[in-house]
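Here the structure comes first, spelled out in structure tokens, and everything after it is commentary.
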Amino acid sequence: MARERIVTLLTDFGWAGPYVAEMKGVLLTLAPRVTLVDISHNIGPGDILAGAFVLRQVVPNFPPDTVHCVVVDPSVGTERRMLAARYGSQIIVFPDNGVISLVDESMPLEEIAVVADPRLFLGEGEKSTFQGRDVVAPVAARLAEGFPVHRLGPRPDTFKLLELPETRVGDDGEIAGEVLYVDDFGNLISNITARMVGEALGGVLGMEVLCDGRAVGKVVAAYGFVKAGEPLALVNSMDVLEVAVNKGRACDRFEAGVGAKISVRKPAGEGGP
Amino acid sequence: MARERIVTLLTDFGWAGPYVAEMKGVLLTLAPRVTLVDISHNIGPGDILAGAFVLRQVVPNFPPDTVHCVVVDPSVGTERRMLAARYGSQIIVFPDNGVISLVDESMPLEEIAVVADPRLFLGEGEKSTFQGRDVVAPVAARLAEGFPVHRLGPRPDTFKLLELPETRVGDDGEIAGEVLYVDDFGNLISNITARMVGEALGGVLGMEVLCDGRAVGKVVAAYGFVKAGEPLALVNSMDVLEVAVNKGRACDRFEAGVGAKISVRKPAGEGGP
Amino acid sequence: MARERIVTLLTDFGWAGPYVAEMKGVLLTLAPRVTLVDISHNIGPGDILAGAFVLRQVVPNFPPDTVHCVVVDPSVGTERRMLAARYGSQIIVFPDNGVISLVDESMPLEEIAVVADPRLFLGEGEKSTFQGRDVVAPVAARLAEGFPVHRLGPRPDTFKLLELPETRVGDDGEIAGEVLYVDDFGNLISNITARMVGEALGGVLGMEVLCDGRAVGKVVAAYGFVKAGEPLALVNSMDVLEVAVNKGRACDRFEAGVGAKISVRKPAGEGGP
């Protein structure tokens, strides 16, 4: 292959031990010309939803034909299959445990296959307790060298998707959603999109936000619009509603995490005819 | 461009979430041939002084024409501008919040510009709540491909520098300074240079050091010169005075952090005529 | 040199400060075409055994002629020498403090030298308090460009190896070993190999395991063979016996760490004639 491709790694392995580097060694041995990029290795152990969230945010930013390795896999060594799929221009290798759910919502699925051909694996392959090294890495190396997804194995009849929390719009236009992810800054990122708010309430800036029933304040355009230490809501870089504290941690301020209730409504006094 | 350049990333984003990888995806999309290097993503949230310190240490070690992306930016989304500058052979893109202060002290400023041309930005550009991805990354990609700093925008009349703690030399030659940074090992790194001590006291080894008034001991040549668990002072790899504990954490031992007072003097009995 | 080589970094520097990036800057300045790979920078400060363990796991997975930089070095600045060696197809630069011990057990030593030629060093070289940047990085850069190990300096008469815990097989075939490493998941990784168990007990699956005298259960094939929260033992990806908790942390469950006693025996009722 003439072009050098990118292979990314997204795991819950942590940075201390040998696991991440074992995968990298295998990748660089089998596909010497790839560029490796760490997405994150600090997904909480087995936290499939957090892996799904980070994957959705990151994937659309990469060049075409990037191969993403996802190993957030609390059920390694069970019947759970390993899959490979092409979403838009991106290729993803991932365990069939729902970690693909948010990508599946937002990018077109072009092809998908069960990673099944044992000739592609290292060591004990599917029976390995370290499928990241023995299955995902060698398969990703082949994909990065141009091996087509559909030749990895059969197309699955179905694959697992998470039951994601839904948003609801009340009769009064109030939108109810949930916190989907808490980032490194302690920001509470919801599943309520800017578009949803705009359609239900006719605008976003100035709308009133609550977190688990406690007042956050009105939606502003940036963190700096409130004083340091004060809470705020904004439409973040992902085009979803986020609850934050300027130079502080919203997760501490509101004692809230994944699953906390977020609601958005017109400010009092503006709803009447 | 014939030569492959290096782009580094220095942020307070942490390693868990998607933000670092989003920047990397943008960089590799717009400048496919760059080599990415992580400097640190564990600068304390919004800790401009720590960012400034790490930046000063790292920048002089890189090859000419390296582009450094600095996103330690507690005021994102306010009037704060994004700047790009060439210091010596190095190019740095950074928020105008003082994070450049220590580089500015130690390397010659060759050119500087406000990052202003919106055609270089992604998404909402300067109005984005994620300027690392939408402003810094695309601008750094262009710079890595040879785009000149001065074409990014106008030269600023002035730019922000931190008010850094000063060192003082007393009548008796005693030098008073402060801890500027605490490293991963808990070492207390001061703003007192070896040269300062040499000029004021006629030598460095054997001088007496205090931390917040408590005796540290005499300046030695290496950690191993005192027993495990014992405190020491030395001239570190940055040519500044550092208070450490051999195989221990000085920040715990002296209950000290950034801003703690460090003083250096001739040992008692050696000061007389 | 025609081929681009890989240089890895394994340190106890942590990810926050400037030290890792200073090494990278030196490496990329002196050997612009190398590919850098982070193995880990979160080895516990001065934890030579943990460094030795991670090194053993990672090294065999890398392509031939990879150069590994190891800076887990609690005695920097003392008489301790820096060594470089070729084990199999891999080159390693490391302090003479025993961190090579587990590689030395498992891969053939081809050549070894004291890193002695001061013309290869930066700054103060061997007297530097930051030998990672001033000795290891420039030497690794030269090795990556094809400089031969034996020209770095004299062959040492001897070099330091750790006194590793031994395994014992009792008269009844019971095997006694120890925990050698605790990984990011809290798994307790022992020094008992699958082969040892097979030879002493005639098989591995179904054997009974104890941790510090407390029952772990029988050896199973994968984490998923027990319920979430339940302990298990298995032969891990390193072919050694590991004590784990499915979706939990064995180190917490058994209040055990490095040095905890692990024993393996035939299950009661199966040992008789």
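Extending each Cα 7 Å along its Cβ direction at C:A228 and C:R119, get the distance between those two points in nm, one decimal.
6.4
Based on the Kirkwood radius over alpha-carbon pairs, what is the Stokes-Einstein translational diffusion coefficient of the stretch B:117-190 at 20 °C with 1.002 mPa s viscosity, in µm²/s?
Stokes-Einstein gives a translational diffusion coefficient of 130 µm²/s.
Taking the Cβ of C:L164 as the centre, find all other residues whose Cβ is under 14 Å away and add up their charges (Lys, Arg: +1; Asp, Glu: -1). Present the calculation step by step, with values, prior to reporting the outcome.
Values: positive: C:R56, C:K160, C:R168; negative: C:D104, C:E105, C:E163, C:E166, C:E178.
It works out to a net charge of -2.
Every other copy gets compared here: list the nm distances from the B:G213 label point (7 Å along Cα to Cβ) to its counterparts, shortest first, one decimal.
For B:G213, the other copies' label points sit at 5.1, 5.1 nm, shortest first.
So what is the relative contact order for the stretch A:6-151, in percent, with contacts set as C-alpha pairs under 8 Å and at least six apart?
Taking the mean separation of contacting Cα pairs over the length of the stretch A:6-151, I get 27 percent.
What is the ratio of the Cα radius of gyration of the stretch C:24-72 to 2.2 N^0.38 Å, with N the residue count, to two decimals?
With N residues counted in the stretch C:24-72, Rg over 2.2 N^0.38 Å equals 1.25.
At R0 = 60 Å, how high is the FRET efficiency between A:R80 and C:E111 if r is their beta carbon distance? Nearest 0.05 is fine.
Values: r = 45 Å, r/R0 = 0.75.
Efficiency computed from Cβ-Cβ geometry: 0.85.
Checking the a/c ratio against 1.5 first, then a/b against b/c, what shape does the Cα gyration tensor give for chain C?
It comes out prolate by the Cα gyration axes.
Can you tell which of A:A256, A:A84, A:A140 shows the greatest fluctuation in a Gaussian network model of chain A with Cα springs below 10 Å?
Between A:A256, A:A84, A:A140, it is A:A256 that shows the largest mean-square fluctuation.
Please report the net charge: other residues with Cβ closer than 12 Å to the Cβ of B:V58, K and R +1, D and E -1.
Computed value for this residue: +1.
What is the distance in Å between the Cα centroid of the stretch C:52-88 and that of the stretch C:146-186?
Measuring centre to centre over Cα atoms gives 13 Å.
Specify the residue with the greatest mean-square fluctuation among B:A215, B:A260, B:A176, computed from a Gaussian network of chain B linking alpha-carbon atoms under 10 Å apart.
Of B:A215, B:A260, B:A176, the most mobile in the Gaussian network model is B:A215.
Across the stretch C:96-112, in residue order, what do the Karplus-derived ³J(HN,Hα) couplings come to in whole Hz, using 6.51 cos²θ - 1.76 cosθ + 1.60 with θ = phi - 60° and x for Gly and Pro?
Karplus values, whole Hz, x for Gly and Pro: 7, 10, x, 5, 8, 3, 7, 5, 4, 6, 10, 10, x, 7, 9, 7, 8.
Indicate the gyration tensor shape class of the stretch B:6-151 (rounded, prolate or oblate), computed on the Cα atoms with a ≥ b ≥ c the square roots of the eigenvalues: a/c under 1.5 is rounded; otherwise a/b larger than b/c is prolate and the rest oblate.
Numbers: a/c = 1.20, a/b = 1.07, b/c = 1.12.
Judged from the Cα gyration tensor, the stretch B:6-151 comes out rounded (a/c under 1.5).
Among the trypsin sites (Lys or Arg not before Pro) within the stretch C:1-85, which fall in a DSSP loop and have no more than 13 other Cβ atoms within 10 Å of their own Cβ?
Here the trypsin sites (Lys or Arg not before Pro) that fit, given the DSSP loop and packing criteria, are C:R3.
Would you order C:V99, B:V226, A:V245 from fewest to most other beta-carbon atoms within 10 Å of each residue's own beta-carbon?
Ranking C:V99, B:V226, A:V245 by Cβ neighbours within 10 Å, fewest first, gives B:V226, A:V245, C:V99.
Run the helix sum for the protein assembly as shown: -39,500 (n - 2.57) per DSSP H stretch of 4+ residues, divided by residue count, reported at 222 nm to the nearest 500 deg cm²/dmol.
Numbers: 18 runs with 147 residues, N = 819.
Here the helix-only value at 222 nm equals -5000 deg cm²/dmol.
What are the ³J(HN,Hα) couplings of the stretch C:237-248, residue after residue, when phi is run through the Karplus curve with 6.51, -1.76, 1.60 and θ = phi - 60°? Round to Hz, x for glycine and proline.
5, 9, 6, 10, 6, 10, 9, 9, 10, 4, 6, x
Hey, quick one: spin label on A:L164, modelled 7 Å out along Cα-Cβ, who in the stretch A:183-203 has an amide N within reach, i.e. under 16 Å?
Label zone hits: A:189-197.
Relative contact order (percent) for chain B, with alpha-carbon contacts under 8 angstrom and 6 or more residues of separation?
Numbers: 589 pairs, mean separation 40.3, N = 273.
Once divided by the residue count of chain B, the mean separation gives 15 percent.
May I ask for the angle, rounded to the nearest 10°, between helix B:19-30 and the longest principal axis of chain B, with both axes built from Cα atoms and the value confined to 0 to 90°?
Roughly 50 degrees between the two axes.
So for A:V220, B:V219, fewest C-beta neighbours within 10 Å to most, what's the order?
With the sparsest Cβ surroundings first, the list reads A:V220, B:V219.
Tell me the angle of helix C:48-58 to the major Cα principal axis of chain C, expressed in degrees between 0 and 90 and rounded to the nearest ten.
90
Can you give the longest run of chain C that contains no GluC sites (Glu not before Pro) sitting in a DSSP loop with at most 13 other Cβ atoms inside 10 Å? Intermediate values should be presented prior to the final figure.
Numbers: sites that count: C:E4, C:E79, C:E163, C:E166, C:E255, C:E270.
The longest such stretch corresponds to C:167-254.
Enumerate the amide H contacts of B:H41 below 5 Å, restricted to partners 5 or more residues apart or on another chain; note that Pro and chain-start residues carry no placed amide H.
Excluding prolines and chain starts, which carry no amide H, the hits are B:T11.
Hey, what did the stretch B:126-188 get for relative contact order, percent, Cα under 8 Å, at least 6 apart? Please list the in-between numbers first.
On the way: 22 pairs, mean separation 8.5, N = 63.
Dividing the mean separation by the residue count of the stretch B:126-188 yields 14 percent.
For C:D157, go 7 angstrom from Cα along the Cα-to-Cβ vector, then report the distances to that same point in the other copies in nm, smallest first.
Ordered by distance, the counterparts are at 7.3, 7.3 nm.
From the P(r) of the protein assembly as shown, can you give the percent of Cα pairs sitting at distances over 45 Å? Each step should come with its number before you reach the end.
Details: 96383 of 334971 pairs.
Of the Cα pairs, 29 percent sit more than 45 Å apart.
For the stretch B:168-265, report the translational diffusion coefficient in µm²/s to the nearest whole number, using Stokes-Einstein at 20 °C, 1.002 mPa s, and a Kirkwood Rh over Cα pairs.
Answer, rounded: 167 µm²/s.
Net charge within 12 Å of A:I189 by Cβ-Cβ distance, Lys/Arg positive one each and Asp/Glu negative one each, not counting A:I189 itself? Present the calculation step by step, with values, prior to reporting the outcome.
On the way: positive: A:R56; negative: A:E178, A:D183, A:D184, A:D239, A:E242.
After counting each charged neighbour, the total is -4.
Just to check I understand the Karplus step: with θ = phi - 60° and J = 6.51 cos²θ - 1.76 cosθ + 1.60, what whole-Hz values come out for the stretch C:145-158, glycine and proline as x?
Working through the residues one at a time gives 8, x, 4, x, 3, 5, 8, 6, x, x, 6, x, 5, 7 Hz.
None of the figures in this text is laboratory data; all of them are computed from the coordinates on show. The shown structure was predicted, so the numbers you read here are calculated from the model rather than taken from an experiment. Neighbour counts are summed over all protein chains in view; Cβ atoms, including those assigned to glycine, are modelled from backbone coordinates with ideal geometry.
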